[in-house]
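Here's the structure, in structure tokens; my notes come after.
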Amino acid sequence: FFWQLNILVDTGSSNFAVAGVPDPDVTSYFNPELSSTYRSQGIEVTVKYSQGSWIGVLGTDVITMPKGLYGSYTINIATILESENFFLPGVKWHGILGLAYDALAKPSSSVETFFDSLVRQAKIPNIFSLQMCGAGLPVSGSGTNGGSLVLGGIEPSLYSGDIWYTPIKEEWYYQVEILKLEVGGQNLELDCREYNADKAIVDSGTTLLRLPEKVFSAVVQAIARTSLIQEFSSGFWTGSQLACWDRTEKPWSLFPKLSIYLRDENSSRSFRISILPQLYIQPILVIGDNLQCYRFGISSSTNALVIGATVMEGFYVIFDRAQRRVGFAVSPCAEADGSPVSEIEGPFTTADVASNCVSSVSFHEPVLWIASYALMSLCGIILLVLIVLLLIPPRCQHRYTDNDVVNDESSLVRHRWK
């Protein structure tokens, strides 16, 4: 006998984990004591996400794949014993499948990820692809309600048109380089480094499109300016309030298209992925017989631009780890009323943007530049003095006393900043 567990596919983390004990918000869980193949490694692991966290124990188990991959494979799996804001009321999943790189694996990168184990043991190509189909949109074409995860390749029936690829900048998250954003065809005119502060990633485990605070503010202003609604509650933009319309109305016609420009594999070119308002003005709640309420599918972020499900639901996304690139193609399930709600266009020239929009350190104020140069100069002078002192021969022998001994009671404690 077996229980079916639904697993959240997350390209923003690297551990495979399932509920290992009963939880009020989980309908099923994996009981390792009833498994003949599970082996505990006795290693405690803690994983924290942008929302929620869990504590569990690492182990190994044997899996078989229902389609395509024949044979049994041993993989690392964590059983979740405690969690906080991870399993939430109403969620339909019982665990998480982290598909990012081993650099993010916990407790260390030595824990082989699920997908790395498959690539090594099943000898499949180092590539997977993901089609997410929005729950709020009617399904059409060859898509399914839950979408599709293809391990080891690309399925032609899950996309239309061309696949456009952008390089992976660093192999931890799927970090990419964003060149500019447009709202309603109008460039936000921000320094391109603002879009990549402090990273831009493709993350299926994040629900919304998350933007750095400065970018978020500019996007909200641009949407408010170009939409056909004159006054809008600030609570709608911040996510604390819903906006409701009569069910016969379609509010999407009131809002502009949103476009994200990504650097092409040919660095002198770019392409843009665009989502229509059907993807970022999201139906959430029906009130009575007449009202349909919507949320804003974009939020602010303090540490990253995250291309989450709000955007990914418009595309078939290819994670080509072998060639260190992420591909986007239009998904046939991203349609509403027979019309596509996502677009890909290109190529465009990158002559109007910097040659590198990903900077490890960004100074937004001239004062910081001046301060950094001053500190560098000071360090140089101190270093010069130390070199001179080392070159001068000692003239006398110093006899140490108890007061000169460096220990916890002297300098390390007495002179510590309070």
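Count of the range 79-109 residues, restricted to those that are touching a strand residue (DSSP E or B) at 6+ places or on another chain (Cβ under 8 Å) and open to solvent by 70 Å² or more (accessible area, probe 1.4 Å), is 6.
With the condition kept exactly as written, say whether any residue in the range 303-316 is surrounded by fewer than 22 Cβ atoms within 10 Å (Cβ to Cβ) and closer than 21 Å to residue 266 by Cα. There is no residue in the range 303-316 that is surrounded by fewer than 22 Cβ atoms within 10 Å (Cβ to Cβ) and closer than 21 Å to residue 266 by Cα. Filtering the range 149-196 down to residues that are of a type in the set (Asp, Glu) and in a strand (DSSP E or B), which residue is least open to solvent (accessible area, probe 1.4 Å)? Among those residues, the one meeting the criterion is 182. The set of residues in the range 51-78 being closer than 15 Å to residue 8 by Cα and surrounded by 13 or more Cβ atoms within 10 Å (Cβ to Cβ) consists of 52, 53, 54, 77, 78. For first residues located in the range 262-291 and free of Cβ contacts under 8 Å to residues at least 60 places away in the same chain and within 17 Å of residue 311 (Cα to Cα), partners that are among the hydroxyl-bearing types (Ser, Thr, Tyr) and not in a strand (DSSP E or B) and lie 6+ apart or on another chain with Cβ distances below 7 Å do not occur.
When residue 253 is tested against (1) crowded, with 18+ Cβ neighbours inside 10 Å; (2) more than 28 Å from the chain's Cα centre (by Cα); (3) not basic (Lys, Arg), exactly one condition is not met: (1).
Against the test of being surrounded by fewer than 17 Cβ atoms within 10 Å (Cβ to Cβ), assigned to a strand (DSSP E or B) and not small (Gly, Ala, Ser), the options 285, 262, 228 yield a single qualifying residue, 285.
Considering each residue of the range 327-340 in turn, at least one proves to be closer than 12 Å to residue 202 by Cβ and either open to solvent by less than 10 Å² (accessible area, probe 1.4 Å) or at pLDDT 95 or above (or both). Restricting the range 197-217 to residues that are part of a loop (DSSP other than H, G, I, E, B) and within 26 Å of residue 131 (Cβ to Cβ), the residue that is nearest to the chain's Cα centre (by Cα) is 203.
The values are calculated or read from the model by the stated rules, or taken from the named source; none is laboratory data. Since the model is a prediction, treat every value here as computed from it, not as a measurement. A quick note on method: Cβ atoms are made from the backbone with ideal geometry, for glycine too, and the neighbour counts reach across all protein chains shown. The protein model used for the area step is the full one, side chains on, heavy atoms only, and it has no ligands, DNA or RNA in it. Shrake-Rupley method; radii C 1.70, N 1.55, O 1.52, S 1.80 Å.
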